[in-house]
Amino acid sequence: MELSYTFFMILLEILVLPFALLLAWAIYCDLSKSEIPPGIDQPMKLRVLHWFLILSSALGKILENLCLCSEIHFIRYTQEGKKMGEDPKLSIQDLTFEDIPVRVYQPRGATGDQRRRGVIFFHGGGWMFGSINSYDHVCRYIAKESDSVIVSVGYHLAPEQKYPSQFKDCLTATVHFMKTAEDYGVDPAHIVISGDSVGGNLAASVCQNLANRSDLTKPFAQILIYPGLQAIDFNLPSYQQNRSVPILYREHVVTTALKYLNKDLSVTESVMQGCHVPSDVKRRFGKWINSENIPKEFKVRGYKPYSTSSFLDDVYEVVKQALETTFSPLMAEDAVVSQLPTTCIITCEYDVLRDDGILYKKRLEDNGVPVTWCHIENGFHGVINLFDGLLAFPSGKKGMDSIVTFLKGL
């Protein structure tokens with residue numbers, strides 16, 4: 001008995017001590033590198049969440065060095081979640097559109113002869129993470145509260161599938177659903193395209209692609225939840241103010257984009273300084289992607305006008321795909337933007353991507369597109385996915401309810 005107890009204690013020390021050290025290191029990294037502004041929603045809860053994100057990345061690196069598992073696959077595993085159980089209010093099916101996994105959420109109950117609206121949803125996760133399962137609770141809530149049929153798209157992830165595969169997957173799934181909408185009790189004329197974070201980027205790109213399609217009914221609306229929409233200026237006010245706010249740092253935006261494009265990370269600093277943008281591109285798109293278009297109230301927390309560094313042709317050659325409209329929808333021409341449907345844009349004050357959404361709002365309005373804007377003053381990037389459960393944030397619930405309100409008002 002004593003020998004067993006001794007063995008157990010030794011095993012416990014072997015396992016617990018390294019974990020405790022890793023947790024202490026994660027806390028140190030968070031406290032030394034991140035900044036949580038006083039106006040943010042439940043700052044301590046956000047710190048705890050950030051600790052575990054850092055910890056999962058560190059464990060992933062260790063497992064990769066031990067040749068047991070890649071860091072990317074470990075992080076995906078920790079964030080995957082699982083499909084929730086049956087819901088008496090929903091009929092839920094896992095299907096494939098072409099070869100793309102989707103999950104269809106159909107509210108139960110008769111609607112008479114009236115068909116429901118349909119909502120295509122693209123999840124976030126930096127093109128490399130996220131899944132249908134990790135957004136299962138989000139899609140269930142929207143489906144039930146708005147009485148809409150939701151189609152959650154499990155597009156194939158990078159780096160296994162390279163840019164622009166993710167855009168093509170989302171476009172293919174959307175077109176398939178638009179052509180077969182009636183099979184799911186959906187009115188083809190009332191289909192909404194939506195997504196959060198990079199899912200918002202994909203939603204904006206897909207909507208632009210469909211704007212002038214003559215073989216399909218046009219999208220009825222789009223919902224863009226703190227989308228990243230441009231790769232020209234990483235020194236906008238929101239990038240300066242929130243550069244170290246969890247869970248998305250300024251540097252992470254650029255490195256994630258480079259990984260998505262399968263490019264060398266050595267150009268990260270040059271891209272953040274704007275060395276990748278040719279002068280003709282700056283002249284052409286500067287009128288749209290410019291801090292002058294950001295309202296003054298979004299500069300009061302600090303902003304210094306930034307002069308980009310000299311253009312470097314070799315950096316441009318590495319990242320020029322980032323200036324395509326399928327990556328940077330804010331660079332679309334007015335002829336395309338003016339054809340877009342009514343739009344809901346959600347932004348968070350403490351998010352590096354805040355100003356992308358604000359700039360797109362202005363572009364849409366300037367082109368006569370109706371925009372509903374929900375700005376979450378105490379929110380941060382990713383908060384929509386944290387609207388319920390143990391790590392719930394009230395600001396996440398506010399964002400979710402604004403989506404439901406927008407859909408019900410269409």
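Taken together, the values in this text are just the output of simple stated rules run on the coordinates, not laboratory data. Bear in mind that the values here come from a model prediction, so they are computed numbers and not experimental data. Using ideal geometry, Cβ is built from the backbone for each residue, glycine included, and neighbour counts are taken over all protein chains shown.
Given the rule -39500 (n - 2.57) for each run of at least 4 DSSP H residues, summed and divided by the residues of the chain, what is its mean residue ellipticity at 222 nm, to the nearest 500 deg cm²/dmol?
Details: 14 runs with 171 residues, N = 410.
So the calculated ellipticity at 222 nm is -13000 deg cm²/dmol.
Please report the Cα spread of the chain along all three principal axes, rounded to whole Å, starting with the longest.
Taking the Cα atoms of the chain, the three principal extents are 77, 60, 38 Å.
If you average the alpha carbon positions of the stretch 17-82 and of the stretch 209-236, how far apart do those two centres end up, in angstrom?
32
Would you work out the relative contact order for the chain, in percent, from Cα pairs under 8 angstrom that are 6 or more residues apart?
For the chain, the relative contact order is 15 percent.
I'd like the FRET efficiency for Thr111 and Met84, computed as 1/(1 + (r/R0)^6) with the beta carbon distance as r and R0 of 30 Å, rounded to 0.05. Spell out each step's value before the answer.
Details: r = 24 Å, r/R0 = 0.80.
Step by step, r from the Cβ atoms, then E = 0.80.
Suppose the chain between Glu333 and Lys320 were pulled fully straight at 0.36 nm per residue; how much longer would it get relative to their current alpha carbon spacing? It would help to have the intermediate numbers written out before the result.
Working: separation 13, 0.36 × 13 = 4.68 nm, distance 1.77 nm.
Here the segment from Glu333 to Lys320 would lengthen by 2.9 nm.
Can you list the aspartates and glutamates whose alpha carbon sits under 16 Å from that of Lys89, skipping same-chain ones fewer than 8 residues off?
By straight Cα distance, Lys89 reaches Asp136, Glu145, Asp147.
List the aspartates and glutamates whose Cα sits under 18 Å from the Cα of Lys287, skipping any in the same chain fewer than 8 residues away.
Asp233, Glu324, Glu333, Asp334, Asp355, Asp356, Glu365, Asp366
Going through the cross-link list Lys263/Lys320; Lys296/Lys398; Lys83/Lys408; Lys162/Lys320; Lys144/Lys408, which pairs have a Cα-Cα distance over 20 Å in this structure? Write down the numbers at each step before the final one.
Details: Lys263/Lys320 10 Å; Lys296/Lys398 24 Å; Lys83/Lys408 26 Å; Lys162/Lys320 15 Å; Lys144/Lys408 11 Å.
Flagged as over cut-off: Lys296/Lys398; Lys83/Lys408.
In the stretch 235-341, which trypsin sites (Lys or Arg not before Pro) fall in coil by DSSP and have 11 or fewer other Cβ atoms within 10 Å?
Values: sites: Arg243, Arg250, Lys259, Lys263, Lys282, Arg283, Arg284, Lys287, Lys296, Lys299, Arg301, Lys320; in loops: Arg243, Lys263, Lys287, Lys299, Arg301.
Of the trypsin sites (Lys or Arg not before Pro), the ones in loops of the stretch 235-341 whose Cβ has at most 11 other Cβ atoms within 10 Å are Lys287.
Nearest 0.05, what FRET efficiency do Ser70 and Ser34 give at R0 = 22 Å with Cβ-Cβ as r? Don't skip to the answer; put the middle values down first.
On the way: r = 25 Å, r/R0 = 1.15.
Given R0 = 22 Å and the Cβ-Cβ separation, E is 0.30.
Under a crude label model (7 Å from the Cα following the beta-carbon direction), how far is Arg47 from Asp147 in nanometres?
Each label point is offset 7 Å from its Cα along the Cβ direction, giving 4.6 nm.
How many angstrom lie between the C-alpha centres of the stretch 369-410 and the stretch 107-162?
Answer, in whole Å: 16.
How much FRET efficiency would the formula 1/(1 + (r/R0)^6) give for Asn262 and Trp25, where r is the Cβ-Cβ distance and R0 is 41 Å, rounded to 0.05? Could you put the intermediate results ahead of the total?
On the way: r = 30 Å, r/R0 = 0.73.
Working from the Cβ atoms, E equals 0.85.
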